[in-house]
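Everything on this sheet refers to the single structure shown next.
The values are calculated or read from the model by the stated rules, or taken from the named source; none is laboratory data. Fair warning: this is a prediction, and the values are worked out from it, not measured in the lab. Here the Cβ positions follow ideal geometry from the backbone for every residue, glycine too, while neighbour counts run over all protein chains shown. For accessibility, only protein heavy atoms count, side chains too; no ligands or nucleic acids. Shrake-Rupley method; radii C 1.70, N 1.55, O 1.52, S 1.80 Å.
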Amino acid sequence: MTVLLELQSVSAGYGFHLVIRDVSLTVENGQLVALIGPNGHGKTTLLRVISGLIKPQRGVINFAGHRIDHLRPDEIVEAGIVHVPQGDLLFPDMTVLENLRMGAYPRNAAKQEPQRLEEVFALLPKLKERRHQLASTLSGGERRMASIGRGLMAGGRILILDEPSLGLAPIVIEQIYEVIRRLRQSGRSILIVEENVTRIAEIADVLHLLDNGQFVWSGRSSELLSRPELLLTYFGG
Amino acid sequence: MMDVLVQVIASGLTLGAMYAISTVGLTLVYGSLNMLNMAYGALLALGGYICLYVMTSLGLPAIVGAVAAMVGCGFVGLLIYHLAARPMLSSGNFETQIFIATIGIGAVLENVILRVFGPQPVAQPLTLTGAIVIGKVHVPTQNIFILAAAFVMMGMIAFLLGSTRAGRAIRATAQNRDAAQLMGVRIGRIYAGVLALSGALAAISGIMISSLSGLLPNMGGDPMLKAFVICVVAGLGNVYGAVTAAILLGLLEAGAEYLLGVQYSFAVLLVLVIGVLIWRPYGLFGRKQVVRL
């Protein structure tokens, strides 16, 4: 397996306040890597550093053999990193279709827009039904699907998902996870932040536990499930 | 009675069309950058004066004057972005800082104009003579021309925002800055482009206004204030609402001028703003706390 995304001793934060400290991480081609840990401990910040919305204060980020930590967010998207943000961040006054088309905004994605749209509609048929509706009128689950669909429109070599199950009803979470499973089967590399440990442990190759801005534990799912004291400390059992 | 109505509607539509152009320039910038451009009034005057200079001192045709004004003001818009807005963007206090900075830029621009062209009022050479007669009412050709030019500009803006790649990127940036960046939109370019476009619109609007009321270095203050009023009534950052509100307020102003007298027309507008702010603080066409294009 080749390393696709690599963080070496990355520290970042806002002003003098470091939110993540000395974090190293690799995602290999086709892997699903999960970041877990309590709220407010830097998981979202770490993702925003990778996609260039926040510049790291120290450390190196490599993607597909190239250094990317000094690039602008638009250059990082063009390089093939797609970030589906927490809270969806849809464009509220655009239709679902316009939102999806914005996903194919990068030059290299624009060429493949029609066939990507077919693929996204095949994977998320609900979006096809709702395509002429304004994004602000969608239900929570539909929004999440639109947000993931919009990310898939960019193509990309790695998909970053920030809490895809946040705030959804269990039945909708099940649908979203089915989509993630299918993406994984199709060989896509995924970096995911998730609060729901038992659910993500079922499908992740590697998990990293982020506490107070640092990785306190990393390993495979099976190893995590055999560490009841970790689960108890961080997730209340 | 019929004739009066035609007269009021004709002048109201002309006013509204002029206001629409200047308001769109202002609201585009607010919608995408959260920036109130207080130098906008000075840009209106600058556009009018560039047109004057190109037509009288250089003796070139009107269309060259108009294009030169658009290019010149667009360039000043770019300068405002690169010299003032961009260095402040990452600051937590961007909205206040840029508000004050652009007041300063506006004062400098107005004084440069004063220095170069002098304080005396000058007539705008880009005017059409003659009138079209509807019933017993003479509608000046100039007004018809302004109306037509405004509609063409609005059509171009609507096409830009609705049907082009750059327009989609502008709307995306206005609706969600972070998400737009994650879609690969280079927002620095969008900001620069929007400020340049806003400058060009200010130039057109300045030429239109000065063709009716003449050129003065501080001529932009009153139209800018009215454009702000219209922005607030429509909901800041809402382009289509701004056009509708501009036309409605133009008609209202013409009606108030006829019924109450010229001295009350601005007071009527301000009463309306106060009413809107109490009743719908986010504007007639705005949604709560949502900036949109």
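Tabulated results
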{"quantity": "Test: residue in the stretch B:111-122 that is in contact with a Gly (Cβ under 6 Å, 6 or more places away or on another chain) and at pLDDT 90 or above", "calculated": "yes"}
{"quantity": "Pairs with Cβ under 8 Å, 6+ apart, first in the stretch B:74-98 and open to solvent by 60 Å² or more (accessible area, probe 1.4 Å), second not in a helix (DSSP H, G or I)", "calculated": "B:Glu95/B:Asn34; B:Glu95/B:Met35; B:Glu95/B:Leu36; B:Gln97/B:Ser91"}
{"quantity": "Positions within the stretch B:170-188 being more than 9 Å from chain A (Cβ to nearest Cβ) and either surrounded by fewer than 24 Cβ atoms within 10 Å (Cβ to Cβ) or among the charged types (D, E, K, R) (or both), in sequence order", "calculated": "B:Arg177"}
{"quantity": "Residue in the stretch A:74-85 that is of a type in the set (D, E, K, R), touching a Pro at 6+ places or on another chain (Cβ under 7 Å) and more than 8 Å from every other protein chain (Cβ to nearest Cβ) present", "calculated": "no"}
{"quantity": "Which listed residue is surrounded by fewer than 21 Cβ atoms within 10 Å (Cβ to Cβ) and in contact with a Pro (Cβ under 6 Å, 6 or more places away or on another chain), from B:Leu114, B:Leu128, B:Leu147, B:Leu160", "calculated": "B:Leu114"}
{"quantity": "Selection within the stretch B:31-60 - under 16 Å from the mean Cα position of the chain (by Cα), surrounded by 24 or more Cβ atoms within 10 Å (Cβ to Cβ) and under 29 Å from B:Arg168 (Cβ atoms)", "calculated": "B:Gly31, B:Ser32, B:Met35, B:Asn37, B:Ala39, B:Tyr40, B:Leu43, B:Leu44, B:Gly47"}
{"quantity": "Boolean, A:Leu152 is in contact (Cβ under 8 Å) with a residue 40 or more places away in the chain and outside any helix (DSSP H, G or I)", "calculated": "no"}
{"quantity": "Options A:Leu210, A:Leu166: the member that is under 21 Å from A:Ser51 (Cβ atoms), open to solvent by less than 10 Å² (accessible area, probe 1.4 Å) and outside any helix (DSSP H, G or I)", "calculated": "A:Leu210"}
{"quantity": "Residue match in the stretch B:256-266 (condition: acidic (Asp, Glu), part of a helix (DSSP H, G or I) and open to solvent by less than 20 Å² (accessible area, probe 1.4 Å))", "calculated": "no"}
{"quantity": "Of all residues in the stretch A:123-154 being among the small types (Gly, Ala, Ser) and crowded, with 18+ Cβ neighbours inside 10 Å, the one that is farthest from A:Gly103 (Cα to Cα)", "calculated": "A:Ala135"}
{"quantity": "Verdict on B:Ile63 being at pLDDT 95 or above, open to solvent by 10 Å² or more (accessible area, probe 1.4 Å) and assigned to a helix (DSSP H, G or I)", "calculated": "no"}
{"quantity": "Where B:Gly235 falls short, out of the listed (1) open to solvent by less than 10 Å² (accessible area, probe 1.4 Å); (2) more than 14 Å from chain A (Cβ to nearest Cβ); (3) touching a strand residue (DSSP E or B) at 6+ places or on another chain (Cβ under 9 Å)", "calculated": "(2)"}
{"quantity": "Filter result for A:Tyr234 (aromatic (Phe, Trp, Tyr) and either out of contact with any strand residue (DSSP E or B) (no Cβ under 7 Å at 6 or more places or on another chain) or in a strand (DSSP E or B) (or both))", "calculated": "no"}
{"quantity": "Test result for A:Val120, within 17 Å of B:Gln175 (Cβ to Cβ), of a type outside the set (Asp, Glu), buried (at least 20 other Cβ atoms within 10 Å of the Cβ) and out of contact with any Pro (no Cβ under 8 Å at 6 or more places or on another chain)", "calculated": "no"}
{"quantity": "Conditions (1) without any contact (Cβ under 8 Å) to a residue 60 or more places away in the chain; (2) open to solvent by 10 Å² or more (accessible area, probe 1.4 Å); (3) more than 15 Å from the chain's Cα centre (by Cα): number failed by B:Thr244", "calculated": "(3)"}
{"quantity": "Residue among B:Val194, B:Val152 that is at pLDDT 95 or above, within 26 Å of B:Gly77 (Cα to Cα) and more than 14 Å from chain A (Cβ to nearest Cβ)", "calculated": "B:Val194"}
{"quantity": "The one condition in (1) touching a residue at least 60 places away in the same chain (Cβ under 8 Å); (2) closer than 23 Å to B:Pro140 by Cβ; (3) among the hydroxyl-bearing types (Ser, Thr, Tyr) that B:Ser198 fails to fulfil", "calculated": "(2)"}
